[in-house]
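Quick notes on the structure that follows.
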Amino acid sequence: MHFIDMGSGFPLLLGHSYLFDSNMWQPQLSALSKYYRVIVPDLWGHGSSPELPGKYHDLKRIAKDHLKLMDSLGIKEFGIIGLSVGGMWGAELAASYPKRVKCIALLDTFIGDETEAAYQNYFNMLNAVDKAGAIQPPYLEYAARQFFSDNVSDELLIPVINRLRSIPAARLRKSVVPIGKLIFGRPDRLSLLKKIKMPSVVITGELDKPRPTWEGAYMASRLGCNHVIIPGAGHISNQENPSAVTDALMTFLGEVLPN
């Protein structure tokens, strides 16, 4: 995996959203890297990482790949900050390796399964993308707008539309579609929350479309942790209201990690 490695201090592993890459976290990197060592990988088939290496059957395999990355860097203990699919594989990793993961922040994510209607909608889109070898209208703008509130600025929205339009067919078929099917076809993994005993926080954009606030509230209640709602933000809450997300993360980390 390609990754950013910056700063010093207690290590943090950051996971980005599906169809984004490590650059998604740019609004938070300066603040985080002042106090922590920040490791930010690109998911397989995203950013500068190579294609998905073989057939994957669940997100646990992706979680283990991220653990191997930390092993390769000689990092034994770390925190996780995961948004969307980054939170999904992050929860898998935290539940499986509680002695190594010392805290976890789950942003705009849900580890339950999808409703039948949502499942059908996502798989119809993924199958259409696979067939066409491109993300075409009407799915193109629809997919981009799912990441933000209805009040999103063109400054955020247009680059996402252009990036989604430019993904090569081979990358879509080898990585983006298979990973999408892992995400949206995932089983209910809410039972993992019983195993996550380390300090945690759930953060949700107030206007998140695919992951509404009630999902975050439910997971926070199961974890027994705070649920922070980010005003005016959609799914990529860290970009639509970056200062609020940065403040929430720095407050959480300052409370639970050693100075």
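The values are calculated or read from the model by the stated rules, or taken from the named source; none is laboratory data. These figures come from a predicted structure and were not determined experimentally. Glycine gets a Cβ as well: all are built from the backbone with ideal geometry, and neighbour counts include every protein chain shown. Calculation scope for accessible area: heavy atoms of the full protein, side chains included, ligands and nucleic acids excluded. Shrake-Rupley method; radii C 1.70, N 1.55, O 1.52, S 1.80 Å.
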Within region 58-70, work out how many residues are in contact (Cβ under 8 Å) with a residue 60 or more places away in the chain, open to solvent by 10 Å² or more (accessible area, probe 1.4 Å) and in contact with a helix residue (DSSP H, G or I) (Cβ under 8 Å, 6 or more places away or on another chain). 2
So if I check each of 73, 32, which one is surrounded by 22 or more Cβ atoms within 10 Å (Cβ to Cβ) and at pLDDT 95 or above? 32
Within region 194-211, is even one residue of a type in the set (A, V, I, L, M, F, W, C), more than 16 Å from the chain's Cα centre (by Cα) and closer than 27 Å to residue 122 by Cβ? yes
Filtering region 1-17 down to residues that are over 18 Å from residue 256 (Cβ atoms) and either open to solvent by 20 Å² or more (accessible area, probe 1.4 Å) or at pLDDT below 95 (or both) yields 1, 2, 3, 4, 5, 6, 8
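Would you mind finding the one in 91, 118 that is open to solvent by 10 Å² or more (accessible area, probe 1.4 Å) and in a helix (DSSP H, G or I)?
On inspection, the qualifying residue turns out to be 118.
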What are the residues in region 213-248 that are open to solvent by less than 30 Å² (accessible area, probe 1.4 Å) and of a type in the set (Asp, Glu), if any? 215
Of the criteria (1) touching a helix residue (DSSP H, G or I) at 6+ places or on another chain (Cβ under 6 Å); (2) in a helix (DSSP H, G or I); (3) not aromatic (Phe, Trp, Tyr), which one residue 86 fails: (1)
Being of a type in the set (A, V, I, L, M, F, W, C) and under 22 Å from residue 107 (Cα atoms) is the filter here; which residues of region 145-163 pass it? 147, 148, 152, 156, 157, 160
